């Protein structure tokens, strides 16, 4: 680690900033603030409106779009300022992440402190970061046409790319932190890879639930509404039937709530199998943390559903998903090389 300490700290700083951005993004979504800024100005948009005239101009622009016209005609300027803040903060953090990545990257590159392999990985990170910024505006744009909400597909792309960017940044940092090679139990490593894949699918469907506001229905557990394991609305909201599971509120929630059991089961199997293996202390602790986090996330998911998605629980559910992905990434890295 000593030779790469500054680079590792830089990458971990990026991880922390991405985490903060995801948390603020979750608050932005849950407070319905994401469509408050209807344009995108890379430089001048860094500062919020600075006087009454600028605030009124921003509010007048907001009035031209569906969210105000169909949902928020009762809004005063003060109401608008409240939702403007979260979207503005979310965008500013995104710009700050870009600066924090690019300037140190160029410095380390000039000082020849990055290996060729690390440079290639950092270029991938740069592409992921730029793509994430594009997806943010692409998502917002979908809510400025004819409906007062963003496309849940675009929301899922935006959120999932943020998670993947974080996981890959952490992976690059871990490559530098633990440069020594070790023997790999390939079947066990592949099981963790499978768990990571299932977790990412669950994150995608979580974004679908958020984008469709599907957490406000079937607020019962362990069964869905009316004491049913599978509510009849799961398969009849959309046509053909498969669309229910990607576009129907009931169908999307059905996938997300029952896929949670699969995630818990897979991580439980990882923990159980690890007990029969010779593991290092770090590996053992990583798997224990993974198990604790997935159980905590499951409980949070249940209470978030039962209480109809209060902002604090919705944000915590997303935060723990982030920690769970971090733990899964760390665990996979520790069993991969």
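For the stretch 14-116, what is the relative contact order in percent, using Cα pairs closer than 8 Å and at least 6 residues apart in sequence?
Once divided by the residue count of the stretch 14-116, the mean separation gives 45 percent.
Under a GNM of the chain (C-alpha, springs under 10 Å), which listed residue has the highest mean-square fluctuation: 303, 163, 75?
For the chain, modelled as a Gaussian network with Cα springs under 10 Å, the answer is 75.
For residue 288 and residue 69, calculate 0.36 nm times their separation in residues minus their Cα-Cα distance, and state this gained length in nm to one decimal. All intermediate terms of the calculation are to be shown ahead of the outcome.
Values: separation 219, 0.36 × 219 = 78.84 nm, distance 5.02 nm.
Gain on extension, residue 288 to residue 69, equals 73.8 nm.
If neighbour count is taken as other Cβ atoms inside 10 Å, put 217, 83, 124 in order from fewest to most.
Listed from fewest to most nearby Cβ atoms, that is 124, 217, 83.
Going by C-beta contacts inside 10 Å, put 16, 267, 97 in order with the fewest on the left. The partial results should precede the final answer.
Values: 16 12, 267 27, 97 20.
Fewest-to-most Cβ neighbours within 10 Å comes out as 16, 97, 267.
By its C-alpha gyration tensor, with a ≥ b ≥ c as the square roots of the eigenvalues, how is the stretch 183-337 shaped: rounded for a/c under 1.5, else prolate for a/b larger than b/c, else oblate?
prolate
On a full-extension model of 0.36 nm per residue, what is the gain between residue 106 and residue 213, subtracting their alpha-carbon distance, rounded to one decimal in nm? Before the final figure, lay out the partial values.
Numbers: separation 107, 0.36 × 107 = 38.52 nm, distance 4.19 nm.
Extra length available between residue 106 and residue 213 comes to 34.3 nm.
Determine, from the Cβ-Cβ distance of residue 232 and residue 32 and an R0 of 22 Å, the FRET efficiency 1/(1 + (r/R0)^6), rounded to the nearest 0.05. Write out the running numbers ahead of the final one.
On the way: r = 29 Å, r/R0 = 1.34.
Given R0 = 22 Å and the Cβ-Cβ separation, E is 0.15.
If you average the alpha carbon positions of the stretch 272-337 and of the stretch 27-77, how far apart do those two centres end up, in angstrom?
36
At q = 0.10, 0.11, 0.12 Å⁻¹, what is the base-10 log of I(q)/I(0) for the stretch 1-132 according to the Debye formula with one equal point scatterer per Cα and no solvent? Please give it to two decimals.
At q = 0.10, 0.11, 0.12 Å⁻¹ the computed log10 ratios are -0.44, -0.52, -0.59.
Arrange the following residues from fewest to most other Cβ atoms within 10 Å of their Cβ: 100, 263, 252.
Going from least to most buried by this count: 100, 263, 252.
How high is the relative contact order of the chain, in percent, counting Cα pairs under 8 Å that sit 6 or more residues apart?
Numbers: 367 pairs, mean separation 72.6, N = 337.
Over the chain, the number comes to 22 percent.
Where a number appears in this text, it was derived from the coordinates with a stated rule and is not lab data. Predicted model only: the values in this text are computed from it and were never measured. FYI the Cβ positions are ideal-geometry reconstructions off the backbone, even for glycines, and counts take in every protein chain you see.
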